[in-house]
Amino acid sequence: MGGFVKKVVHICLNSLFTDGWSYQDQLLSKYHKKMGLDVTVLTSHWVNDDKGNIVWDDRDEYINGDGVKVVRLKMKGKDDYSRKLVYFQNFYEALVKENPNILFIHGVNFKDVSFVVRYLDNNPGVMVYVDNHADFSNSATNWVSKNILHKIVWKHYSKILEPYVKKFYGVTPSRVEFFKDIYGTPADRTELLVMGVDDEDVPKALSQENRVEIRHKYGIADDDILVITGGKIDLAKKQTITLMEAINQLDNPKVKLIVFGSVVDELKDALNARISDRCQYIGWIDSSETLNYYGAADLVVFPGRHSVFWEQVVGIGKPMICKYWDGTTHVDLGGNVKFLYHDTKEELLEVISQVLGDSEEYNKMKEVAVTKGMQTFSYSEIAKRSIEG
């Protein structure tokens, strides 16, 4: 990285920067710090609490547990996280004070991009990287959002920033395409930068002690085949209910399922009706524990919409069965993943039986996950790629 300590500022004004969470914003800043960089995050006062609710963090400036300086800025006018077209108080002054020579901008969906451009005009030579977490599964879902907010407003800010940007990153293939198609980013500077897993969490998750502890806690025998699924269970991920049905009907009674995560009211009755000696629902677990649960599994199944858990599970070397989504097949590194193409119990029964009923097939999936997944989806590697590409 050169003969002096470089200063990198992560700008996270259109996302919730919650300390301790395992998303791109937190883990890139953490591992940039571990690389020897001087790291600051500029973000809002809004964070997630332990239950995923959006709450206010009243600290203005502090050093977090990763040794990263966090500067929290208030919005101009009413400070409401649901507001989209806002400026932040003293953003430009904070940027000048930090004086970065590397900028990592998490999304271009904020008006203070104009002040970023002013800073870059006054400080030529700053290296700029931008990532994107939007695609058509979570953004531009109605006419106004797609044609006004994204194709006009946010595209404008992307375009004024474009001359200064070394790389535009999408965190999935579909989000690479969203960048190029909706914002018109140059194809030769727009590429994939995957999300992944925190390297420091992997040893515990894969330890024998963790496996024994979690299985014992829920009455799972050592020779049982443990399948785990997790995440928010809502109307976009109601396939979890179908997965429970499939497990209950498998020929092999040694296959057990643990489901964790919050569940919306509309699905609670359906979920509870499918709880059995094969299927347990354990509710919400702390975000710091999710990887340990996946680490105790023999197979992880995600029958619904993509989440960051997909990349984390590949990163700990676990075979997966996932719902096929165009633009999210990057988790398949040559056989570690089987995809689901239909939201049916019959397909789940067929694919799970195929994987768990054929030891050669299962071992091949596991080998690919361990030999390729654990390196490709390691944040220590991702962080290096993010500012050296």
Farthest towards the positive end of the dipole of the chain, among 292, 35, 129 and with Cβ unit charges of +1 on Lys and Arg and -1 on Asp and Glu, lies the Cα of 129
What is the spread of the Cα atoms of the chain along each of their three principal axes, largest first, in whole Å? 67, 48, 41
Alpha-carbon spread of segment 180-338, three principal axes, descending order, Å: 53, 37, 30
One would report the antiparallel percent of DSSP beta bridges in segment 55-153, rounded to the nearest 5, as 45
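In terms of the ratio Rg/(2.2 N^0.38 Å) built on C-alpha atoms, what value belongs to segment 1-116? Provide the component values of the computation, followed by the final result.
Numbers: Rg = 13.7 Å, N = 116, 2.2 N^0.38 = 13.4 Å.
Here the answer is 1.02, to two decimals.
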May I ask you to derive the relative contact order of the chain, considering only C-alpha pairs under 8 Å and at least 6 residues apart, and to give it as an integer percent? 14
Per-residue [θ]222 nm for the chain (sum of -39500 (n - 2.57) over DSSP H runs n ≥ 4, rounded to 500): -9000 deg cm²/dmol
With everything on Cα atoms, drop me the angle between helix 379-388 and the longest principal axis of the chain, reported from 0 to 90° to the nearest 10. 30
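How do the peptides 303-316, 164-177 rank, highest first, by the average count of neighbouring beta carbon atoms within 10 Å per residue?
Working: 303-316: 23.3, 164-177: 21.5.
Listed from highest to lowest mean packing, they are 303-316, 164-177.
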Point-charge dipole on Cβ atoms (K/R +1, D/E -1) for segment 1-85, about Cα centre, debye to 20: 340
Report in % the part of the accessible area of segment 215-324 that belongs to carbon and sulfur, leaving out ligands and nucleic acids; probe 1.4 Å. 47
Could you give the radius of gyration (one decimal) and Dmax (whole number) of the Cα atoms in segment 147-265, in Å? 21.7, 59
Given an 8 Å cut-off on Cα distances and at least 6 residues of separation, report the relative contact order of segment 91-140 as a percent. 48
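With every protein chain left in place, what is the accessible area per residue of the chain in square angstrom, probe 1.4 Å?
Here the residues of the chain average 43 Å² of exposed surface.
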If you build the Cα gyration tensor of segment 139-189 and take the root of 5 times each eigenvalue, what three semi-axes come out, in whole angstrom, biggest first? 19, 14, 7
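Could you work out the relative contact order of segment 101-257, using alpha carbon pairs under 8 angstrom and six or more residues apart, expressed as a whole percent?
17
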Measuring from its Cα centre, the chain shows a charge dipole (+1 at each Lys and Arg Cβ, -1 at each Asp and Glu Cβ) which, in debye to the nearest 20, is 1280
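The values are calculated or read from the model by the stated rules, or taken from the named source; none is laboratory data. Please read all numbers here as calculations on a predicted model, not as lab measurements. For neighbour counting, all protein chains shown are included, and Cβ atoms are generated from backbone atoms with ideal geometry for every residue, glycine included. Surface areas here come from the heavy atoms of the whole protein model, side chains and all, with no ligands, DNA or RNA. Shrake-Rupley method; radii C 1.70, N 1.55, O 1.52, S 1.80 Å.
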